[in-house]
Each structure stands twice: as C-alpha cells, then as structure tokens.
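Contents: one structure, followed by commentary.
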Protein chains: 2
Amino acid sequence: DVTQDVDEELIQKFISEVDNLEIQENLRELTKVPHMATTPGDEKTVQYMLKRWQDPDTGLDRAWREEYLVYLSFPDPKTPNKVTVESPTGKVLYTARKTEKPYGQDQENPDVVQPYAAYSPPGHPKGKLVYANQGKPSDYLYLNQTLELQGTIAITRYGGAGRAQKAINAAPYGVIGVLVYTDPRDINDGKMSDITETYPNSWYMPPSGVERGSFNTQYGDMLTPYLAAKDDTYRISPSKITGIPPIPTQPIGFEDAYALICNLGGLPAPNEWQGAFNCTYNLGGPGFEPTSNFNDSQVKLDIYNRGEIKNSSNVMGVIRGSVEPDRYVIYGNHRDSWVHGAIDPSSGTSVMLEVTRVLGRMVKQGKWRPRRSIIFGSWGAEEFGLIGSAEYSEEYYSKLSERSVAYINVDISVFANATLRASGSPSAQSVILKASQQVKIPGSESTSVYDNWIRYFNRSSPAYGVIPNVGFLTGAGSDYAAFIHFLGVTSMDISYTYDRTKTSARIYPAYHTAYDTFDYASKFIDPGFTSHQTVARTAGNVLMRLADSLLLPFNCSDYAETLEGYLSKALELYTDGLAVRNISIEPLKVAVYKFRSASASLDKMIRDSDLANETPLKVRRINDQLMLLDRAFLDPVAFPDQYGFRHVIWASSNAGVPTFPGLADAYSRAASSGLDVDWDETHRQLSVLSQAILGAAYTLEEVI
Amino acid sequence: DVTQDVDEELIQKFISEVDNLEIQENLRELTKVPHMATTPGDEKTVQYMLKRWQDPDTGLDRAWREEYLVYLSFPDPKTPNKVTVESPTGKVLYTARKTEKPYGQDQENPDVVQPYAAYSPPGHPKGKLVYANQGKPSDYLYLNQTLELQGTIAITRYGGAGRAQKAINAAPYGVIGVLVYTDPRDINDGKMSDITETYPNSWYMPPSGVERGSFNTQYGDMLTPYLAAKDDTYRISPSKITGIPPIPTQPIGFEDAYALICNLGGLPAPNEWQGAFNCTYNLGGPGFEPTSNFNDSQVKLDIYNRGEIKNSSNVMGVIRGSVEPDRYVIYGNHRDSWVHGAIDPSSGTSVMLEVTRVLGRMVKQGKWRPRRSIIFGSWGAEEFGLIGSAEYSEEYYSKLSERSVAYINVDISVFANATLRASGSPSAQSVILKASQQVKIPGSESTSVYDNWIRYFNRSSPAYGVIPNVGFLTGAGSDYAAFIHFLGVTSMDISYTYDRTKTSARIYPAYHTAYDTFDYASKFIDPGFTSHQTVARTAGNVLMRLADSLLLPFNCSDYAETLEGYLSKALELYTDGLAVRNISIEPLKVAVYKFRSASASLDKMIRDSDLANETPLKVRRINDQLMLLDRAFLDPVAFPDQYGFRHVIWASSNAGVPTFPGLADAYSRAASSGLDVDWDETHRQLSVLSQAILGAAYTLEEVI
Ligand SMILES: [Ca+2]
Ligand SMILES: [Ca+2]
Ligand SMILES: [Zn+2]
Ligand SMILES: [Zn+2]
Ligand SMILES: [Zn+2]
Ligand SMILES: [Zn+2]
C-alpha cells in the first residue's frame, strides 16, 4: 500500500509495551563483565546482540556482524603503567595507585583495564612537576611566563581542552609528560570522602576513580582515513598519526592528584585554577615545596602503552521496509565500554534492545512492517574514536548517502533522571518535539516529556515561541559524527539528563571508571529504570514516525530559522571586519534569504497537497527533497585537513561563537594574525558556505 | 500516468521530422560573425538561442541565461603578438604573419581574433631557436643531451603533449619561449599548397592557418576551483594559477614554421621528428644554419596577452517532465568558438537546435511530454577550459548530483561524414547502440548507423560478440568532463567522424582557425548536412529514450564487462610487482567479482519483473540504482590535486594503459622511482579503487 502512513494506535501500542524491567535485565546481562573493545567480554556482547536480534519471536528480519581491523592502544597487563615520586637519590617516595579501589566484585574482576590514556606513547619521562590547570594553550602560556617549563611534568585537570590536547599544547614548551585527573570540584560537587560521600554511598566518584579515554582529536580508525579498515587496506604508518599526545600521558585519581598538587611549591595558581582540595594549588617551583616530604623530588611516568591492530565488530540488524525498502532509518549505539560500561554505553544498548524487542515482536506477529527499512547498528570500538560507525560509513558510503533518511543515536541514555535532552539537525526538531509530547515522564500520568523538558531547556523560537531547546550536533561526541558530518545524514542524539540546579558535575561521576556498573546504575542513576523507559519510548516513537510517515516528518523551515540565527550572529560579528578587507558578506545574506524563501514555498506546496491522494512519485519527490537536505550542506573541500568533517553548518569549531563554524574559525584566525593568507581563507570559507546554502536552497525549490 | 514509457511511434516521428536544411540554416545563422566567448558575437548567439528556445511554436517550456564572471585571456587588439627573426645587429630579417591569409570575407572580419595561446604570459623573450618536436618531456630530454637549451626559443609541433605542456616541459631546461605550429604531416596528409591543395580548394589547412587554443591543463574557471564564479566569490590570485605556460608561447602557421625550421642548423632531428616539409628538420645549433640568411640571428616573441575577468553566459532551457520532473536528462554543447566556429562548436549547436525544434513542437502541440525533465545547456567559454559547464556543475552541485540521469554532449557533431563515433559510460552503451540501429545513414534507406559504424569501430564483447566500439570518457576534451568526472553523471559524447583509411589528420584541418566557416562546413565537411541530420536523429533518439523509458535504459552488466577488462589488464601488469612490495591485488579482484554478481542479480530481478504492473516505487527504486551507479565511483579524496576528477574509473591518466587510471599512474610512478612513498600511494590507490567498486556493487544489490 503506497499510501501507508504512521498508525497512531501502533505508536501507542509501542509506548505501552516498552518495559522498564526488560531494560533492567538487558543492562544486567550486558554488564556482567568488562567489555572493552575487542576483548572476550566484547565478544560476549556481540553474541548476546546476535541472539537477541535473531530471536524467532522478538528479533529482527536479519542480524549479522561486520568486522574491521582497527588500530587500538592498550596498556601492558604484565607491566602496568606507573606514576611515582622519586627523591634526588632515586628513592621512591610515593606511588600512585595502579588500579581503582575495589568496593565490590566488579572492581576486582581481573579484566578491568588499568586506567590509561589510549594512544599516549610509551616512555619514561622524569621531571619537576607543575600544575597546568586544564592544559589549554592559555594555561601553558601563563605558566611559561612565570617558570621554566622545559623538562617538566605537567599535572592537569579534565575539562577545558580535549584529552589529547593537554599534551599537544604542552609539548611545544618542552614539557615531557602529562598527568590528568578529575578535580572533585568539576565532577563531585566538591565531595571527596569514600567513607560517607562517594560511591558506594552516592553517585560521586571515589578518590581512586579514574576517567579513562581515547586521547585523540580525530575520529575513525587512525590508520585508514576514508578507507574501511579491512584485511589488505592501505594503512598509514602509526608514526604518521597526528592529533595524539606527542609525550607520555597518564590519568590518575584525585587522591593521587591531591598528594601531588598539595605538595607543589612555587607561586599560587590563579583563582580560576583552584579546585576542591583543601590546599592552595601552587604552580610548582617547578617541583615541590621545599618544606614538603617531596622536596627536590621529581615525578616519573612509566608508560608501557602499545598500539595493536585488532578485529572489532559491529552488529547489524534490519527490519525491511514494506513500501520503500530502499529508504533507511538508522538507529545505533556503541557496544564497547571501558570497563563494565553500565551507563556508557550499556544504558543506551539496553534501551535499543527494548526498542527492537517491542518492534521485532510486532513484525514477527505480522502486526506491523514499517514503510521504510530500519537498520540497527551496535557499533564497536567507539571509545577509541567512534571507530565502528566511522568504518561503516566509509565502507557503505554510496549506499548510505543515497538512501539514509535519518540517524538516531542513543549512547548514554540516562545521565540522570531529570529531563530529556536532544540534539539534532534543525529539520528533525519537529519530530522529536512531537514524540516527546506523546510520552509521559516517569511516575506521572499527566506530564509529558515535552512539558517537563521545556522547564529545563528552552529557547524562544521566532516561529513557535518558547519551545524545548534542541541542541546542535557540532562536535564528534558519539557515533552520530560519521552520519551528520561525513555522510550528511539528518541525525539526532537523545538522552535523559541532569537538573543543573542540583549538580555541576561535568558528566555523571562514574564516567569511564570501574564504578560504572549495574550496581551504580540501578542504585544511583535510575532506580527502577523508568528514565530508561522514557528514553526508549521517545526515541522509539521518533524512529517509528521516521520509518512510517507517508511524508517525512522533517521541517525545512526550521532549518531556515537556524540559518537565520547563525546569519544574524555572523552579520553582527563580521560585517565590518570583512568590509575593511573588501570582502562582502552579501552572498551569505542572499543565500540564507533564498533558503528561507525556498523552504517557505516547499512548505506551502506540502500544505496545499493532499498527499495520500497524490501519485506516489510526487510524495517520493518531496521526501527526497527533505531527506537530501542535510546532504546538500556537504562540501568535501571545505575543511580538507579535518578528517570526516564535510557539513559546512555543523563542523566543529574552535571560535566558540554560535555561528557558521568555517567562517568563525577562519575569521578569528585572520583577525588575530592579520595575515593576507588568513583573510583569503576567510573569504574562501564565506564563498564555500554561501554556495552550500544556496545549493541547498536550489534543492528545495520546485524541482524544475 | 506513472507507467508512461517510450512511445516508438513518437521516436519515429522525431526521426522523420529532423531536417537537414533546418540544420544548415541554423549553422548559417550561428556563424555569421566570429563568436569568441564574451564578445559581441557571442552575445548575438545568446540572443539567438533564447529566441529559438522561447519560440511559442517550437520552443521549450522555459529558457533563460545564467552568467559567470570568469578569467579569460586575450591578445591585445591594438598591439598584436609578434614573432620575428632578428639579426645580431637588431635588424628584423623575418616577421611571421599576424593574421591568417584571407580567402573571403569571413577571414577579413575585424573581429577575427589574432592567433594566440590563451593563458600564455606576456613577455619578450629572444633567443636561438631549437626544434623540440612535440614538446614532450622525452623530446626536451633528448635535445638537452645534444645542445645547450638555456636561453633558447623552442619550436614545437602540435600533438603528443597538451598545449600548455609544451612550455611547462620546456621551462625547467631554461627555454625562454615556445612556438607551436601544425605540421602538414599531422593535419594535411602532407598537403601544403593553397593554390591547389588546401582550403579553399579542399578541407586542408592553408599555410597561414593557425590552431588557437586554451593553454591550460585544468578545466573550469581557473580562479574559482569548486566555487561558482559569481560577483563576490573568492578568487585565487592569477599569479597562483598552475598548469599554464610559465614562459611566453605563441602558435604560428606552417608557412612561418617552414621558414624557421628549414633554416635551422645543428644535427638532424631523429626520423620520428621529421615532418612534411621538404627539408631536413635540424635540431638547431642552437640557432640557424650558418649558411642561411638567418645566420647567427635570434627569434623574438613579443607577446601582449592579458588576463581579463569577463561575463560569460550559459543559455539554459527545459522541458518539464510529466511523471518524474525531478529526474533530469541533460543535453548540451558549448556555444562559444575561437572564430566563426562552424564545425567547432556550431555544428553541434545546429544539431541541438534542430532537436529542440522538433521536440519543442511536439510539446507545444500537446503531442508529447517526456516522463522525465530535459535540460538543454548552451555552455559559454568552453574553449577557454570547459568553463560554462564546470561553473554550472559547481553552482548546482547538490541538485544535479541528486537528480541527473544522464548527460549527452554533442560538440563538434560532424568531423567528417564516414561513421558515427560515440564515447560514454559503459552503462549507456546499450541505449546508444539501440538508437543507432533505428537511424539510417545518409543517402541510404537500408543501412543503419549501427551497421555502418561496426565496420569502422568495433570490438569483441564477451557478452555480445562483435559490436560497435563505444569509447571511454577518460579525458576532459569537451563539456562532458564536469558531468562524468566531477558530478559522476552517466555521460556520453556523440559525433560523426572520419574514415581513417582516407586521412591521418589529427582533427579536421580548419579546427580553431579562421577557416572553420559556414563555407568550409557546407562545402567540405558535410554538403547537404545529412551527416548532421544523422547525428541529430541518433542523439535525439538517445535523449528521448532516456527521458521516456519507464525503466532507465542503462545496463549495469555492461559496466561489469568493462571493469573485468580493466581488471584483467591490471592483473597482468601489476600482480607480480605489487606482490614484491607485499601489496595484495586480491581486494580489487573481489570487488570486481562482487560487482559482476550484483549486476547479474539486478539484471535478473529486472527481467523477472513486470515493471508496468509493479508499484511505481519499485520502478523508481531500480531506476535510482541505475541512475546513481556512476555516482558510486566518485571519491573526492582519490585525486586531491586534480581539480574536478573524482571518478575513479575514468579519471585522466598518463600511464597510457587501458586500465584503472589512479592505479596505473601510481604504479608507473612507483615502478620508475622505487620510492616507498610512491609504493604507499600505489597501495592507497588500490584501496580507494577497490572500495569504490565494492561500494558501487553494494548499491546494485537487493536494497536491504
Ligand atoms: Ca577507516
Ligand atoms: Ca569555478
Ligand atoms: Zn558512549
Ligand atoms: Zn565513552
Ligand atoms: Zn568544441
Ligand atoms: Zn574547440
């Protein structure tokens, strides 16, 4: 039936069948053992996903695995990384913990990987310690004005700069090693005692907790940019990798950071650099306070990390579409964790499995088959740099570019249980809002997710007034990156999150530690799993609408509103400075204006049509216009040096201004350097951007 | 009616209505005055195209112009370029002709542009003359072994190397200026006398005839790569242009070349360097024979070319499709010439105008409306580097990528009247062959274009036995370049051409001279214009089939056959050499194998379907697979330094081997340099290629 459309009764049926206890049991199963990418624990989760998706009663039409040989980085289990304080005579005065303190069997599991900085080089630097705040360029610049950085080890706190950036920024000053820790001020609302305040007493990070992570700045397998990492694929030499720490780097817990920082000598650090410890954070002499036990001692890092090419699996599953099988709605999450990964990523995987259970049963019982095909992806090796999803996008580039309607990402599904949070392409705003209106919040028969959400995050839209604020997908924080930035597929990222009036934690405190366990999730994050249930209902509702709607539920005028917002910021910030350089910003204005008018006419055309009674080819034509809108913003030569960033509206930016990223970055560089070559690049970015917006507008106009 | 399909009666009606005398009158009108790009003569042709395409009885649905500000290069009409022989005392012993000898009013027209090398820099080099054959790298290498090239002027003949290449290859040896001429051996079957043998007595080039041309190696406006050249578009500085002559260059007629070459001193040039002149071609001492009048004299070039940014127009016209208006079949040719351009390009434009007259009338009379939309393009500034079509492809990149079914190029429609010649993407072979079977050759009621063609150009196909040979679109010889190489749109190029047993002319002898006139075309190329008519019938038939067929007449198995041919060549040439470097060619074999099997299943699926009774969405799905097949071979990072070449099967290659271009070029470089970096690039090219073919195969498989 070519007019098949969303069946609201089936959506209600889906919502009612999504079960919190099923999600809880999914999570229990997924978090039995640590399942870091490519480990035996990871393989167990592969088998579990396959079993679930191949289940004859609740599985999908088909499920299978896809493998890639990808470059990962691990510590040496036989020779753990070590951080020590060594006296001038070579005596070891202090040794940082090699593992996190166990509070139960989970932490005692021998497969818990030692905290480490993936992709940090091995090495044995020894030097005087300095405190470098967050390791931003400005932090080292400041330090360098007061002391000699050559030959030092810098201790930094998480936040402010990307993981790898703390070492990349340090190396030019002669710093030879970097430590990183999470300050209790940034993650624990200042709490530090594991007797009373931190896990297992609460959700806060225990003193020995360490955030692991991938220390890189580019996503995808680093040896095979633009090529799917198969057996005989060309690989660059690991020595050619850029964007990883040039000097040994190691993360430590705040109890060890306390011992180091509170013994530092030198001048007091600026106020903004101070953290939650009950001491003054000094810069370092460099080195320790002469009056301390560590007087004249050095800090030594012994890092034994090594790169390995390993076989990582995506697990894929599909429900074939009935009317337009060649249109794909993709829903995905990574499967790999650092340790047990109860929240990251298994809270999302548990939700995905509940969505597939309910939908799979409807399909198996013959009650439903979506209009379009649905593809589920359980990605491998995300924690090392979104690798599984990126390799998938490279291998199936053409097919996915031609046919993908949307990508829905639900990674950490529940950070906390206060409110929905969503980011996405502007054209997806309306379907997310719609779905959120149909789902109730946990424990309420009356309050919708939408009504609750708008209290926490809202904005004033010129078209709609005050509405929940759907954020932008500007970075590469999870597996949506390859979809939105590389493929130009309309994407969204959905989760439940904090009440910001109750905590200032950067992220949930067990993030990437050995405490991110089923116990932690079920006691402190979402007891009863009702926030998980709410996310499953909302994301599943979005998925069903995208897969079933006769007319795709994308709104191009909402894209115009976003572009207009960006434009007004750009006009305010750049018009005069560009004019001085004889660069007219007019083409950008014209392009946004034409985009608005083209989207208004397409909307009018849609409103004036009775689509159920039109020819199926007319509906398909409009749907193609909507589906391909984000694709039109791709330009593979816009940012040739940034792997996988081709979307000129959403590419990542350093300028920190809510406007077009390429223009903002180029302008800020030019304004600061004053160089002709930088102003030329600013002009080029302006032309690239204007042409992309205009080109996108052309795709919305009457087709000929 | 969603099942609208080709109507064979309408095709017969079209064929019968195509009129040779209409084409003759089109050509007469188009060639009244010289119409070099952006000149008043060019504007006249813009107006004429608009008038024809807006004609209420025979015009199109709509026609309009689109303008670009593009970088062109012209001589100074007030200070013509000059080539002289100067004695040691500064006496001018010889001056080459500044203009071609008039044989009628056409040549006397003051708007005939002086022969020049577009994009050659201005300058006044003076030096001893040497003869450098075709200006290939091997030619200069040879010369450099026998004499001192520093400070010399090199005279070269057309052929063997691209126009700009002759100077680019020369400059590293210290050569300071380049002359180029057409040797009568290469263009005139040796004929030289304008009293008896050359135009106006025959089609051969008169002694003063000079081939003009664009001396560049990259296509599109050179200041705006990847950006449509609009008012405020970012432009690189002209000083940053690469791929143009670094030293002054000037073309001259063979009568002047005779005076120079036959007076050269030094050793005799090798046998293959000898041309048709009745003298021995010497290499030059450097300089002239001591016994000649020019003893000790130098050759001086006075070049006054200058770059100008000019407004160039495309003229566009459309017939809106009835069922799938969002699918475009594009038919185009450039409009600009060097002088009157009767054959190049107006023979093609005359054919296009006859095609639009017949189709336009059918539309205006309500007898026909194609299933898909048809776009006609009359491109500007092709002669300067395919500029109009390239800018169009940049401006409408997204829209054209999404919706273009095919591009048909008919530039020079009649080189000679012996046989059809066609090049194109392999999937278009079948529709070209089909159309050629339905059209008769001039003067015959029985012999089809196909039957005649197969006698001149044929090959043995594994699938079909002996069939006419459809060539490959490997270069950037006309406006198909942006479509096939940049957009990945299935393209073809169609013309009528020589009997190679009757002439060895590089191209028709008046090419790019002031003799390419209506008089020339109607007397010597196609008296009666029946070959033009045959091309119009064939190309128009192809166009109607592409626009009307329910199922697109593209055959993906024919693509597989071509890939298999390339593969077997690659296996033969590279397997062992790659194995020595531990590079496996297996992924390429697997990719081609999978492509073959995917195309076989798609073909079977098509054969097994009763498409007229299927849902329109199933037909559309298959058509999308066929339409987007060439798109799947694009990789924007395959050849990052070659503007506009993204199609990994058809990109231009220097290796001169009928196989995959990127692999062939990289392998040949690596085999000759032996450098690791070159073998790495060879491996990368192999991976890029294998991934593209495999990715294309995925698009042909069952859609989910
Ligand atoms: Ca890769
Ligand atoms: Ca351009
Ligand atoms: Zn995650
Ligand atoms: Zn994570
Ligand atoms: Zn031409
Ligand atoms: Zn030409």
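Condition test on A:SER404, is it closer than 30 Å to B:ALA696 by Cβ, away from ligand 4 (no atom under 16 Å from the Cβ) and in contact (Cβ under 8 Å) with a residue 24 or more places away in the chain? Spell out how you get there, then give the answer.
Details: closer than 30 Å to B:ALA696 by Cβ: yes; away from ligand 4 (no atom under 16 Å from the Cβ): yes; in contact (Cβ under 8 Å) with a residue 24 or more places away in the chain: yes.
Yes.
Looking at segment A:451-468, which of its residues are farther than 15 Å from A:ASP499 by Cα and open to solvent by less than 60 Å² (accessible area, probe 1.4 Å)?
Taking segment A:451-468 and keeping what is farther than 15 Å from A:ASP499 by Cα, we get A:459-467.
A:SER461, A:GLY465, A:ILE467 - these are the residues of segment A:451-468 that are farther than 15 Å from A:ASP499 by Cα and open to solvent by less than 60 Å² (accessible area, probe 1.4 Å).
Could you pull out the residue among A:THR39, A:THR58, A:THR79 that is touching a Ser or Thr at 6+ places or on another chain (Cβ under 8 Å) and open to solvent by 10 Å² or more (accessible area, probe 1.4 Å)?
Details: A:THR39 fails: touching a Ser or Thr at 6+ places or on another chain (Cβ under 8 Å); A:THR79 fails: touching a Ser or Thr at 6+ places or on another chain (Cβ under 8 Å).
A:THR58 is the lone residue from the list that is touching a Ser or Thr at 6+ places or on another chain (Cβ under 8 Å) and open to solvent by 10 Å² or more (accessible area, probe 1.4 Å).
What's the number of the condition A:GLY388 fails, among (1) outside any helix (DSSP H, G or I); (2) within 16 Å of ligand 3 (Cβ to nearest atom); (3) of a type outside the set (S, T, N, Q); (4) farther than 25 Å from A:CYS556 by Cβ?
Going through (1) outside any helix (DSSP H, G or I); (2) within 16 Å of ligand 3 (Cβ to nearest atom); (3) of a type outside the set (S, T, N, Q); (4) farther than 25 Å from A:CYS556 by Cβ one by one, A:GLY388 breaks only (1).
B:VAL351: farther than 19 Å from B:ASN314 by Cα and either open to solvent by less than 10 Å² (accessible area, probe 1.4 Å) or in a helix (DSSP H, G or I) (or both), yes or no?
Details: farther than 19 Å from B:ASN314 by Cα: no; either open to solvent by less than 10 Å² (accessible area, probe 1.4 Å) or in a helix (DSSP H, G or I) (or both): yes.
Answer is no for this residue.
Give, as residue ranges, the helices (runs of 4 or more DSSP H) completely inside segment A:391-480 that count at least 3 residues that are away from chain B (no Cβ under 14 Å). Break it down stepwise before answering.
Values: elements: A:397-403, A:429-438, A:449-456.
Because the criterion is at least 3 residues that are away from chain B (no Cβ under 14 Å), the helices (runs of 4 or more DSSP H) in segment A:391-480 that meet it are A:429-438, A:449-456.
What's the number of the only condition in (1) polar (S, T, N, Q); (2) at the interface with chain A (Cβ under 8 Å from one of its Cβ atoms); (3) not in a helix (DSSP H, G or I) that B:GLN642 fails to meet?
Result: B:GLN642 passes all but (2).
Being in contact (Cβ under 8 Å) with a residue 24 or more places away in the chain and not in a helix (DSSP H, G or I) is the filter here; which residues of segment A:516-531 pass it?
The answer is A:ASP516, A:THR517, A:ASP526, A:GLY528, A:PHE529.
Can you confirm whether segment B:357-365 contains a residue that is at pLDDT 95 or above and within 16 Å of ligand 6 (Cβ to nearest atom)? Talk me through it step by step, then tell me what you get.
In the first step, residues of segment B:357-365 are kept if they are at pLDDT 95 or above; the result is B:357-365.
With within 16 Å of ligand 6 (Cβ to nearest atom) added as a condition, the list becomes none.
No, there is no match, as no residue in segment B:357-365 is at pLDDT 95 or above and within 16 Å of ligand 6 (Cβ to nearest atom).
Could you grab me the full set of residues in segment A:228-243 that are open to solvent by 10 Å² or more (accessible area, probe 1.4 Å) and out of contact with any Pro (no Cβ under 8 Å at 6 or more places or on another chain)?
So in segment A:228-243, the residues open to solvent by 10 Å² or more (accessible area, probe 1.4 Å) come out as A:230-243.
Selection gives A:TYR234, A:ARG235, A:SER237, A:PRO238, A:SER239, A:LYS240, A:ILE241, A:THR242, A:GLY243.
Taking the condition part of a loop (DSSP other than H, G, I, E, B), open to solvent by less than 10 Å² (accessible area, probe 1.4 Å), at pLDDT 95 or above and more than 24 Å from B:PRO172 (Cβ to Cβ), does B:ASP256 pass?
no
Based on this model, can you work out whether A:THR513 counts as in a loop (DSSP other than H, G, I, E, B) and open to solvent by 30 Å² or more (accessible area, probe 1.4 Å)? Write out each step before concluding.
Details: in a loop (DSSP other than H, G, I, E, B): yes; open to solvent by 30 Å² or more (accessible area, probe 1.4 Å): no.
So A:THR513 does not fit the description; no.
Which of the residues that make up segment B:84-111 are under 13 Å from B:GLY209 (Cα atoms) and in a helix (DSSP H, G or I)?
To start, the set of residues in segment B:84-111 that are under 13 Å from B:GLY209 (Cα atoms) comprises B:96-103, B:107.
Selection gives B:GLN107 alone.
Test of understanding: among B:LEU578, B:LEU567, B:LEU563, which residue is within 14 Å of chain A (Cβ to nearest Cβ), at pLDDT 95 or above and crowded, with 21+ Cβ neighbours inside 10 Å?
Numbers: B:LEU567 fails: within 14 Å of chain A (Cβ to nearest Cβ); B:LEU563 fails: within 14 Å of chain A (Cβ to nearest Cβ).
Answer to the check: B:LEU578.
Within 12 Å of another protein chain (Cβ to nearest Cβ) and closer than 24 Å to B:GLY695 by Cβ - does that describe any residue in segment B:597-610? Give the derivation first.
Our first condition is that a residue be within 12 Å of another protein chain (Cβ to nearest Cβ); within segment B:597-610, this holds for B:598.
Imposing the further condition that a residue be closer than 24 Å to B:GLY695 by Cβ reduces the set to B:598.
Yes, segment B:597-610 contains a residue that is within 12 Å of another protein chain (Cβ to nearest Cβ) and closer than 24 Å to B:GLY695 by Cβ.
Sort out which residues of segment A:532-554 are among the hydroxyl-bearing types (Ser, Thr, Tyr) and not in a helix (DSSP H, G or I), and write them in order of number. Lay out the reasoning, then the answer.
Applying the first criterion (among the hydroxyl-bearing types (Ser, Thr, Tyr)) to segment A:532-554 yields A:534, A:538, A:549.
A:SER549 - this is the single residue of segment A:532-554 that is among the hydroxyl-bearing types (Ser, Thr, Tyr) and not in a helix (DSSP H, G or I).
Yes or no: segment A:628-635 includes at least one residue that is more than 9 Å from chain B (Cβ to nearest Cβ), closer than 23 Å to B:ARG646 by Cβ and part of a helix (DSSP H, G or I).
yes
Scan segment B:645-704 for residues that are more than 29 Å from the chain's Cα centre (by Cα) and away from every other protein chain (no Cβ under 14 Å) and jot them down.
Hits for segment B:645-704 are B:ALA671, B:SER672, B:SER673, B:GLY674, B:LEU675.
Could you list, in sequence order, the residues of segment A:274-308 that are farther than 15 Å from A:LEU179 by Cβ and not in a loop (DSSP other than H, G, I, E, B)?
A:ASN282, A:ARG306, A:GLY307, A:GLU308
What are the residue pairs meeting all of these: first residue in segment B:325-346, first residue free of Cβ contacts under 8 Å to residues at least 60 places away in the same chain and away from ligand 2 (no atom under 16 Å from the Cβ), second residue in a loop (DSSP other than H, G, I, E, B) and of a type in the set (A, V, I, L, M, F, W, C), Cβ atoms under 9 Å, and 6 or more apart or on different chains?
If the second residue must be in a loop (DSSP other than H, G, I, E, B) and of a type in the set (A, V, I, L, M, F, W, C), the pairs left are B:PRO325/A:VAL703; B:PRO325/A:ILE704.
Test B:ILE387 against the criterion of being of a type in the set (Val, Ile, Thr), within 13 Å of ligand 6 (Cβ to nearest atom) and at negative phi, and give yes or no. Give the derivation first.
Numbers: of a type in the set (Val, Ile, Thr): yes; within 13 Å of ligand 6 (Cβ to nearest atom): yes; at negative phi: yes.
Here the answer is yes, as B:ILE387 does meet what is asked.
The values are calculated or read from the model by the stated rules, or taken from the named source; none is laboratory data. Keep in mind that this is a model prediction, so the values were computed, not measured. Virtual Cβ from ideal backbone geometry, glycine too; neighbours counted across all protein chains shown. Keep in mind that these areas ignore ligands, DNA and RNA; they rest on the heavy atoms of the full protein, side chains included. Shrake-Rupley method; radii C 1.70, N 1.55, O 1.52, S 1.80 Å.
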